[in-house]
Amino acid sequence: MSEPDVLRVPWVHRLVRSRWPQLLVTLVLLAGFLVAIVAGFAGSPVGNRNFAIVGVWIAWWAVLMLVAVPLLGRGWCGVCPLGAPADWIQRGAILTPGPRALGLGRRWPAQLRNLWLQNAGFLTLAIASAAILTRPRLTALVLLALLAAALIVSFVFERRAFCRHLCPVGGFIGLYAQLAPIELRVRDKRRCAAHRDKTCYTGCAAGSGCPWGVYPGALDRNAACGMCFECVRTCPYDNVAIRWRGLRNDLVTAPGHRLDEAFKAFIMLGSALVYTAVFLGPWGDLKAAALGVGSRAWVAYAGVVIAFLVGVLPGAFFLAGELGRRFSHSPLTPRRTFASHAAALVPLGLAAWVAFTLSLLLVNGSYALVVASDPFGWGWNLLGTRNAGWTPALTGALPILQAVVLIIGLGATALAAMRIARGTAGATAGRQAAPVVLFAFVVTVAMLRLLVG
Amino acid sequence: MRAESVARALLVLATSTPALVLGVRACERQRSPPVVEVRGRMVNEGGWEPGEIVIGVDQPLRLALVSDDVVHGFGIGKTAVEAVDMYPGVPRNLTLTFDRPGIYTYYCTRWCGVNHWRMRGTIVVRGPGENATADEAEPPHVALDLDLDAPHPAAAVPSATPDAGRGRHLGAALSPDYRDAGMLRTTPPAVVWGRLRADPDHRHRTDQDLWNLVAAQWIAGTTDRVRWEGEQLYAANCAACHGEGGDGRGVMARALAASLPPSADHERARPAAFTDAQVMLGASSALLAGKILRGGMGTGMPNWGAILTDEQVWALVDYLWTFQFGRVGRASAGPLEGHRVSGE
């Protein structure tokens with residue numbers, strides 16, 4: 001049975017082709033983004049009474065990690081208020097392309113067309129995250145810096161250079177989007193091959209060429225597709241589909257062979273462990289060190305975190321992969337084994353983030369009610385919920401939920417590891433995958449210990 | 001083209017949100033009656049903001065109290081205004097009316113950090129007679145010209161904790177000289193014990209019985225109600241450093257030592273141990289009151305003269321003696337009166 005194509009539903013097709021629904025959502029989010037910056041600078045410095053913290057790091061983060069990424073992949077990128085200005089600048093218009101683009105339209109440097117800058121950006125935020133996630137002013141500074149960077153890069157460089165190569169959020173969304181149950185692909189690749197103008201890539205009166213610099217005709221995974229739907233608007237043959245693919249994912253069809261992507265997987269998986277230890281763990285000294293940005297204790301903390309994320313964790317995985325490679329007599333080089341099998345960790349990484357985010361949402365979600373009424377901590381009571389108390393929800397069920405999510409993640413990682421190994425080691429795939437699965441098992445146990453005790 | 005214009009208008013609207021928010025806030029501030037926003041932060045983050053508030057006598061002072069970090073308490077020294085707890089980010093309103101001019105000290109009433117004691121500000125109440133000399137009596141340590149910083153070791157200490165109950169039975173034969181309230185406030189217990197020891201009338205008594213007699217006089221000079229008040233004040237203001245048991249090992253003591261500069265006299269800055277007989281029995285009540293009122297210069301000991309009334313200081317001193325002469329039972333009693341300030 002073929003996978004359903006939601007663009008075959010007429011009203012969905014109309015909704016996607018029209019720019020208005022997407023634009024309206026983006027504008028609302030843009031207003032919210034700017035309000036978060038104002039709240040951070042002018043509102044209460046108390047995090048749980050400030051929209052900059054509660055709106056961004058609890059509400060938005062929960063929607064992103066529990067709904068948007070697992071279900072829609074890069075769906076967030078399609079309405080992100082940081083990315084949209086790039087389209088507006090380069091189109092010279094908000095809707096259909098105008099007579100003149102505003103940006104300089106330079107090409108992004110070839111040596112930077114990878115995820116290394118995103119990895120570095122995420123690492124930088126990760127080591128300061130305890131302070132950023134609790135201090136509204138710091139959060140506002142980070143948001144402002146991201147907005148400024150997005151605008152400058154979008155003005156100087158063509159397409160969504162910021163989203164693809166710099167945005168620290170976009171980097172990991174792309175990684176986990178490979179697991180999303182939906183995908184945007186072309187219906188008939190032969191038609192694309194025969195289409196001389198390739199308007200989906202070069203643009204036409206109906207819309208821009210792919211802002212993400214992707215040629216839809218060759219698209220085989222979600223990582224770089226920004227779900228902006230420009231190709232739906234520019235394809236003259238109505239040859240673009242949005243399919244519900246369910247549990248099928250991109251890890252098997254296109255396993256990552258790039259080191260930057262492999263390291264992205266480790267940084268994300270390790271960060272979930274670090275964040276859980278710092279934010280949910282009982283270690284006061286660790287929290288104090290993580291919060292004291294600039295202090296000696298923080299420098300030591302940052303050093304340990306960086307060493308763990310880009311040294312210890314990948315190093316242990318490399319050893320596991322190498323062990324499997326030798327057992328299975330795989331023809332791959334150690335480096336290629338490392339890079340391709342790192343993709344198997346993507347489901348576990350997403351599960352770890354979902355488990356962490358569940359704690360964040362269920363324990364602290366009630367602050368959203370307070371902040372909805374009083375976003376700046378100025379004593380407003382817009383919705384009459386200013387005095388709603390801190391009410392953790394479902395705390396009894398939380399450990400069970402988290403354990404289930406992590407076990408599902410481990411299972412999916414084990415399956416992916418086996419499938420990737422089958423492609424490289426053939427009949428001895430089990431031997432190749434076993435150490436990798438053992439590595440994932442150890443990480444899962446560590447995460448469970450941190451979350452459930 | 002029309003659609004593009006609408007889209008641009010919507011973009012302008014979305015990007016105007018910050019200006020809209022700040023405009024509403026500015027209008028709101030202009031329309032509402034004058035309110036003084038008092039923000040509380042741990043001392044290392046700035047303490048109280050503002051540090052000084054000026055108001056006239058009988059003028060309502062509307063305060064909006066907000067903590068920017070941890071739980072603080074807003075209390076006003078030498079008044080009967082009940083302290084208000086300030087939870088992070090939760091604004092609390094308080095309206096005060098002062099019926100006489102003066103300088104009132106507001107201070108944090110919750111242990112918010114190692115330098116919690118330094119979290120103070122002043123309310124200057126202006127009005128007729130504000131420049132008149134205060135009618136407060138000269139503090140006893142000033143009147144007696146006591147050197148608060150000089151060591152005062154006791155010449156003798158008891159071998160066991162004195163028993164004030166036994167001393168009360170023995171005290172029937174004590175001459176009035178040993179019962180004089182003024183003498184008891186200005187003379188260290190060890191000195192009184194020395195006089196008794198040298199007194200031929202008490203030659204037949206053991207050293208310990210003489211200490212029991214001394215303890216009975218110190219306990220008799222006060223009441224359960226006053227000691228209860230002293231106990232409350234001690235628990236709220238002193239125990240963090242001096243320890244609940246008076247042994248100088250309060251929860252903040254170590255952090256206090258760590259917060260002092262290396263050049264400070266760490267030995268001297270250590271919180272006093274009221275259980276140390278050598279130190280306590282060589283001090284008079286007047287000396288202890290003086291230390292409380294003035295504070296320990298160069299140590300972590302704050303001055304309480306701006307916050308505690310004379311009655312509260314003496315209640316505290318009376319309570320301190322219980323660390324030497326035995327704990328007392330708790331009597332139910334209300335707080336001692338301060339200056340009249342109405343608050344709501």
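Since every read-out is calculated from the coordinates, none of them should be taken as a lab result. Keep in mind that this is a model prediction, so the values were computed, not measured. Here the Cβ is made from the backbone with ideal geometry for all residues, glycine too, and neighbour counts use every protein chain on show.
If only Cα atoms are counted, what is the Rg of the protein assembly as shown, and what is its Dmax, in Å?
In order Rg, Dmax, the Cα atoms of the protein assembly as shown give 35.9, 126 Å.
Return one number: the angle in degrees, 0 to 90 and rounded to the nearest 10, between the long axis of the Cα atoms of helix B:189-198 and the longest principal axis of the Cα atoms of chain B.
The angle comes out at about 10 degrees.
Considering Cα pairs under 8 angstrom that are at least six residues apart, work out the relative contact order of the stretch A:1-248 and quote it in whole percent.
Contact order relative to length: 26 percent.
Using only Cα atoms, tell me the angle between helix B:2-15 and the longest principal axis of chain B; keep it within 0 to 90° and round to the nearest 10.
So the helix axis and the longest Cα principal axis differ by about 10 degrees.
Once every DSSP H run of n ≥ 4 in chain B is given -39500 (n - 2.57) and the sum is divided by its residues, what mean residue ellipticity at 222 nm do you get, rounded to the nearest 500 deg cm²/dmol?
So the helix-based figure for chain B works out to -10500 deg cm²/dmol.
Full extension from residue A:408 to residue A:28: what is 0.36 nm times the residue separation minus their Cα-Cα distance, to one decimal in nm?
133.3 nm
Evaluate the distance, in nm, between pseudo-label points positioned 7 Å from the Cα of residue B:260 and of residue B:126 along their respective Cα→Cβ axes.
So the two model labels end up 4.1 nm from each other.
When chain B is treated as a GNM, springs tying every alpha-carbon pair under 10 Å, which of B:69, B:201, B:247 comes out with the largest mean-square fluctuation?
The residue that fluctuates most here is B:201.
Classify the stretch A:1-248 as rounded, prolate or oblate from the Cα gyration tensor: take a ≥ b ≥ c as the square roots of its eigenvalues, call it rounded if a/c is under 1.5, otherwise prolate when a/b beats b/c and oblate if not.
prolate
Please work out the Cα center distance from the stretch A:69-107 to the stretch A:390-433, rounded to the nearest Å.
Here the two parts' Cα centres lie 35 Å apart.
List the relative contact order of chain B as a percent without decimals, with contacts defined as Cα pairs under 8 Å and 6+ residues apart.
19 percent
What are the lysines whose alpha-carbon lies under 29 Å from the alpha-carbon of residue A:198, with same-chain residues fewer than 8 places away excluded?
A:189
In the protein assembly as shown, what percentage of the DSSP-assigned beta bridges are antiparallel, given to the nearest 5?
Expressed as a percentage, antiparallel bridges in the protein assembly as shown total about 70.
I want to check the label-to-label distance for residue A:112 and residue B:236. Put each point 7 Å from Cα in the C-beta direction and report it in nm to one decimal.
The two pseudo-label positions are separated by 6.1 nm.
Alpha carbon centre of the stretch B:183-254 versus the stretch A:178-236: separation in Å?
88 Å
Determine the sum of side-chain charges near residue A:175: Lys and Arg each +1, Asp and Glu each -1, restricted to other residues whose C-beta is under 14 angstrom from that of residue A:175.
Local charge sum for residue A:175: +2.
Within 13 Å, Cβ to Cβ, of residue A:117, how many net charges do the neighbouring residues add up to if Lys/Arg are +1 and Asp/Glu are -1?
Cβ neighbours under 13 Å give a net charge of +2.
At 222 nm, what value in deg cm²/dmol follows for chain A if DSSP H runs of at least 4 each add -39500 (n - 2.57) and the sum is divided by all its residues, to the nearest 500?
Value at 222 nm, helices only, nearest 500: -17000 deg cm²/dmol.
What does the charge count near residue A:334 come to, summing +1 for each Lys or Arg and -1 for each Asp or Glu among other residues with Cβ under 15 Å from its Cβ?
Once positives and negatives cancel, what remains is +3.
Tilt of helix B:224-237 relative to the longest C-alpha principal axis of chain B, in degrees (0 to 90, nearest 10)?
Compared with the principal axis, the helix lies near 50 degrees.
How crowded by other chains is B:13-21, given as the mean number of beta carbons from other chains within 10 Å of each beta carbon?
Other-chain Cβ atoms within 10 Å of each residue's Cβ, averaged: 6.
Determine the relative contact order of chain A: mean sequence separation of Cα pairs under 8 Å and six or more apart, normalised by residue count, in whole percent.
Once divided by the residue count of chain A, the mean separation gives 18 percent.
With each pseudo-label sitting 7 Å past Cα toward Cβ, what's the residue B:100-residue A:319 distance in nm, one decimal?
Roughly 7.8 nm, to one decimal.
Taking chymotrypsin sites (Phe, Trp or Tyr not before Pro) as candidate sites, keep only those in a DSSP loop with at most 12 other Cβ atoms within 10 Å, then name the longest stretch of chain A containing none of them.
It works out to A:1-282.
For residue B:166 and residue B:24, compute 0.36 nm times the residue count separating them, minus their Cα-Cα distance, and round to one decimal in nm.
That pair, residue B:166 and residue B:24, stretches by 43.9 nm at full extension.
Where a ≥ b ≥ c are the square roots of the eigenvalues of the C-alpha gyration tensor, would you call the stretch B:24-139 rounded, which needs a/c under 1.5, or, failing that, prolate if a/b is larger than b/c, or oblate?
Note, shape of the stretch B:24-139 comes out oblate.
Let me make sure I get this right: for chain A, a, b and c are the square roots of the gyration tensor eigenvalues over alpha carbons, sorted descending. Under 1.5 in a/c it's rounded, otherwise prolate if a/b > b/c, else oblate. Which is it?
oblate
Can you list the aspartates and glutamates whose alpha carbon sits under 16 Å from that of residue B:78, skipping same-chain ones fewer than 8 residues off?
B:99, B:135, B:136, B:229, B:310, B:311, B:337
Using 0.36 nm per residue, how much length does the chain from residue A:125 to residue A:446 gain when fully extended, once their Cα-Cα distance is taken away?
113.3 nm
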